[in-house]
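Notes follow the structure.
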Amino acid sequence: MEHRFEFDPVNKILLMRVEGRLTDESLAELYRTAQKYWAATDASAAISDYSSVTEWAVSAELIRELANEEPAVTDPAKRPRIVIAPTAVGFGLSRMFQIVGESKRPLLEVVRTMDEALAALGIQSPHFEPLE
């Protein structure tokens, strides 16, 4: 699994792009890394793009565990998070995360495309720049 983080400084949106095979171990590590970038950028919103994931080898148990953890952001009710998951498996696991963690992440939304994600945030022309 490969990943990269980008940031739109104008709209303050953190974007995480994930590619390849996603496992319990890589997703747990990615979740922790994303929390660090979220805090470092003080993003107003975040998009997690799983469009390039080729295999979802992730357990429902891990999804429930992550969904029950406290969010990394100080006020999740004011900072939207969007998950892009176009495949049936990815969309289903993402919806499970959304449903289980709804009380902790009320603004989390799962969509299938980047266009839907940007529309949900009300953004028309993002300018994402790579983060190191």
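The values are calculated or read from the model by the stated rules, or taken from the named source; none is laboratory data. None of the values given here were measured: they were computed from a predicted structure. Please note: Cβ atoms are built from the backbone with ideal geometry, for glycine as well, and neighbour counts cover all protein chains shown. The accessibility values were calculated without ligands, DNA or RNA, using every heavy atom of the protein model including side chains. Shrake-Rupley method; radii C 1.70, N 1.55, O 1.52, S 1.80 Å.
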Per the filter on the stretch 41-55, residues open to solvent by 40 Å² or more (accessible area, probe 1.4 Å) and either modelled with pLDDT of 90 or more or in contact with a strand residue (DSSP E or B) (Cβ under 9 Å, 6 or more places away or on another chain) (or both) are Ser44, Ser51, Ser52, Thr54, Glu55
Among the residues in the stretch 82-99, are any of a type in the set (Val, Ile, Thr), over 21 Å from Glu2 (Cα atoms), open to solvent by 50 Å² or more (accessible area, probe 1.4 Å) and in a helix (DSSP H, G or I)?
yes
Output the residues belonging to the stretch 22-68 that are closer than 19 Å to Val111 by Cβ, assigned to a helix (DSSP H, G or I) and among the small types (Gly, Ala, Ser).
Ala34, Ala67
Please verify whether the stretch 101-115 includes one or more residues that are at pLDDT 95 or above, assigned to a helix (DSSP H, G or I) and open to solvent by 40 Å² or more (accessible area, probe 1.4 Å).
yes
I'm trying to understand the selection: among the residues of the stretch 21-40, which are surrounded by 16 or more Cβ atoms within 10 Å (Cβ to Cβ), more than 22 Å from Ala120 (Cβ to Cβ) and of a type in the set (A, V, I, L, M, F, W, C)?
Leu22, Leu27
With the checklist (1) modelled with pLDDT under 90; (2) of a type outside the set (D, E, K, R); (3) surrounded by fewer than 13 Cβ atoms within 10 Å (Cβ to Cβ) in hand, flag the one item Pro76 doesn't pass.
(3)
